[in-house]
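K.L.:
What follows is a structure written as structure tokens; I'll ask about it next.
What follows is calculated from the coordinates using simple rules that are stated; it is not laboratory data. All values derive from a computational prediction rather than experimental measurement. Here Cβ is always computed from backbone atoms with ideal geometry, including for glycine, and neighbour counts include all displayed protein chains.
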Amino acid sequence: MTDKRRKEKKEFQTMPAKRYIVSLTEEERQSLEKLTTTGKAAAKKINHARIILKADINQTDGGWTDSEISKALNISTRTIERVRQRFVEEGLEKALTPRRNPSSQLRRIDGEASAHLIALACSQAPTGYSRWTLRLLADQMVV
């Protein structure tokens, strides 16, 4: 057995079994291939489509491993795992669209705070200032 063959066999033995197996129908495969070849979508969506296509076990070679996909597409293996999991649990459309990060959404103020801000902005500016600035308003709202 050659050194390369031993290395491949060793990598295969140490690799954990996949929990989320991607199995595409012919329709899904065609729509994903069309999505990746036209290039008329967001880059993340195209990358997720490529991940799903390469991970599909219904291919002639049985699908790529996560490490092979990672090297080919320059994407982390954790991202590949998340896309596969989302495909299996939530379906194709959800797997293609990235989740919104709840921490990046702006926090809204309630009606009382909004009324206070409007009243403050409509009032006379503090001494030494000709008008209210955002920084002055923010300082007054925090206090």
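K.L.:
Out of the residues in segment 129-139 meeting the condition of being free of Cβ contacts under 8 Å to residues at least 12 places away in the same chain and assigned to a helix (DSSP H, G or I), tell me which one is surrounded by the most Cβ atoms within 10 Å (Cβ to Cβ).
P.N.:
So the residue we want is Leu136.
K.L.:
In this structure, is Arg100 under 25 Å from Leu53 (Cα atoms) and in contact with a strand residue (DSSP E or B) (Cβ under 8 Å, 6 or more places away or on another chain)?
P.N.:
Criteria not met by Arg100.
K.L.:
Please go through segment 67-81 and pick out each residue that is surrounded by 13 or more Cβ atoms within 10 Å (Cβ to Cβ), among the charged types (D, E, K, R) and closer than 17 Å to Ile46 by Cα.
P.N.:
Of everything in segment 67-81, just one residue is surrounded by 13 or more Cβ atoms within 10 Å (Cβ to Cβ), among the charged types (D, E, K, R) and closer than 17 Å to Ile46 by Cα, namely Glu81.
Results for (1) free of Cβ contacts under 8 Å to residues at least 60 places away in the same chain; (2) of a type outside the set (Asp, Glu); (3) in contact with a Lys or Arg (Cβ under 9 Å, 6 or more places away or on another chain), shown as yes or no for each residue.
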{"position": "Thr36", "(1), (2), (3)": "yes, yes, yes"}
{"position": "Lys40", "(1), (2), (3)": "yes, yes, no"}
{"position": "Val83", "(1), (2), (3)": "yes, yes, no"}
{"position": "Glu93", "(1), (2), (3)": "yes, no, no"}
{"position": "Asp110", "(1), (2), (3)": "yes, no, no"}
{"position": "Thr127", "(1), (2), (3)": "yes, yes, no"}
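For (1) outside any loop (DSSP other than H, G, I, E, B); (2) among the polar types (S, T, N, Q), each residue gets a yes or a no:
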{"site": "Ile75", "(1), (2)": "no, no"}
{"site": "Phe87", "(1), (2)": "yes, no"}
{"site": "Arg99", "(1), (2)": "no, no"}
{"site": "Glu112", "(1), (2)": "yes, no"}
{"site": "Leu117", "(1), (2)": "yes, no"}
{"site": "Leu120", "(1), (2)": "yes, no"}
{"site": "Gln124", "(1), (2)": "no, yes"}
{"site": "Thr127", "(1), (2)": "no, yes"}
{"site": "Met141", "(1), (2)": "yes, no"}
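K.L.:
Which residues, taken from segment 57-66, are assigned to a loop (DSSP other than H, G, I, E, B) and either charged (D, E, K, R) or surrounded by 12 or more Cβ atoms within 10 Å (Cβ to Cβ) (or both)?
P.N.:
Of everything in segment 57-66, those that are assigned to a loop (DSSP other than H, G, I, E, B) and either charged (D, E, K, R) or surrounded by 12 or more Cβ atoms within 10 Å (Cβ to Cβ) (or both) turn out to be Ile57, Asn58, Gln59, Asp61, Gly63, Trp64, Thr65.
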